[in-house]
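Asks: Here it is: the structure, laid out below.
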Amino acid sequence: MAAEGAGLFLADPSVLILLLTDSPSQSLSYFYLHLAEPSQGLPQFSIRGYLDDQPINRFDSLTWKMEPLVPWMEEGEKENFLSPEWVFRTDLQKLSKLGHRAGGHHTWQVNWGCELMEEGSKGGFFRYGYDGMDFISFDKETLRWVAAQPQAEKVRRKWEDDSGWSGGNKDFLEETCIEWLQRYLSYRKEALQRIEAPMGKVTLKVVNDSLEVLICQAHGFSPREIQATWTRDGEVWEKETLQRNVAPNSDWTYYVRLGIEIDPKERDHFRCRLEHEGLQEPLVLAFKEETGNAGNVVLPLALGEKRFLSEELEMVMQ
């Protein structure tokens, strides 16, 4: 998905949407929000970064720190963003003050980013919004600024007269931003290629006196491929097994849950068996009641009929 699709600024200052077009590219983009007069407890500036459509970091003016949102964003990469003072120039601040004298609370929104196309071409953009409406945008190919509102004409003329400002934006989008994009892509690729062994445990949910559900939970593993099975006395047991697909975590590892309906009297015969590239030998798990561990507390359902089993199991697996 490309980050250079048409931008749409919404009237709600807490929402900033980028409409993306389908094309074979990879992108890095940042969304900025500036509140002219923030309410108590709200930051004046807030920023969120995205690699393709995945949030990777965030910033706010209360802490003045960029916080990684994915583990593979290295410690030294937290400061790679344009400062709000650089993005929200004094020209815009003057407009905000004029609008404030007219009454109301005013907001600036900025969306900038770059993309690398499959054939090697480079895209990039700066888009500004004021009070939820498109205001002005940058055409890096012509070094021109495009005004979307009459109020933006004065800003457009001033910015186009400043060749250093326009040229600096073009260089940043085509060089610095692309370097960041390629670096972050390499971090993500390394994270996807790393091998992490699964961790797991078995929990229990009681349905009634003659039926309960054992749930095997495996998480934190990479790559995605894993073999998770229930065994009864060492033999693979597929009867009454409730499958669940492998799903991703935010840190690019994976998790899976596997449930099985059993007779409580047979509980000690069942084991969960996990086989994965990160394990030297299969990991075999049994249910164990642990004092003080809320995850393994055995509680009967208020309604113990079997027809409610699927709903209960689904809730457990959320």
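No value in this document is a laboratory result; all are computed from the given coordinates. Computed from a prediction, not measured in an experiment: that's the story for all the values here. Cβ placement follows ideal geometry from the backbone for every residue including glycine, while neighbour counts extend to all protein chains displayed.
Asks: Quick one: length gained pulling LEU42 to ALA247 fully straight, 0.36 nm per residue minus the C-alpha distance?
Replies: 70.4 nm
Asks: Kindly flag which residue pairs out of LYS65/LYS154; LYS65/LYS201; LYS189/LYS288; LYS122/LYS189; LYS189/LYS239 have an alpha-carbon separation exceeding 29 Å in this structure.
Replies: Check vs 29 Å cut-off fails for LYS65/LYS154; LYS65/LYS201; LYS189/LYS288; LYS189/LYS239.
Asks: With each label point set 7 Å from Cα along the Cα-Cβ vector, what nm distance links THR142 and SER83?
Replies: 3.3
Asks: Quick one: grab the alpha carbon gyration tensor of segment 100-159, order the square roots of its eigenvalues as a ≥ b ≥ c, and give me rounded if a/c is under 1.5, else prolate or oblate depending on whether a/b is larger than b/c.
Replies: The shape class here is oblate.
Asks: How much length, in nm to one decimal, is gained on full extension between GLU225 and ASP162, taken as 0.36 nm per residue of separation minus their Cα-Cα distance?
Replies: Contour length minus Cα-Cα distance gives 17.2 nm.
Asks: What is the calculated FRET efficiency for GLU67 to ASP268, with r their C-beta to C-beta distance and R₀ = 35 Å, to the nearest 0.05?
Replies: For GLU67 and ASP268, the calculated efficiency is 0.15.
Asks: Let me ask something additional. Compute the distance in nm between two label points, each set 7 Å from the Cα along the Cα-to-Cβ direction, one at GLU238 and one at VAL206.
Replies: Modelled inter-label distance: 3.3 nm.
Asks: Something else about it: For segment 179-281, take the alpha-carbon Rg, divide it by the Kirkwood Rh, and send me Rg/Rh.
Replies: Here the Rg-to-Rh quotient is 1.12.
Asks: When ranked by the protection proxy of mean other Cβ atoms within 10 Å per residue, highest first, what sequence do the peptides 227-238, 199-210 form?
Replies: 199-210, 227-238
Asks: Computed over the Cα atoms of segment 99-243, what is the convex hull's projected area averaged over all directions, in nm²?
Replies: 17.8
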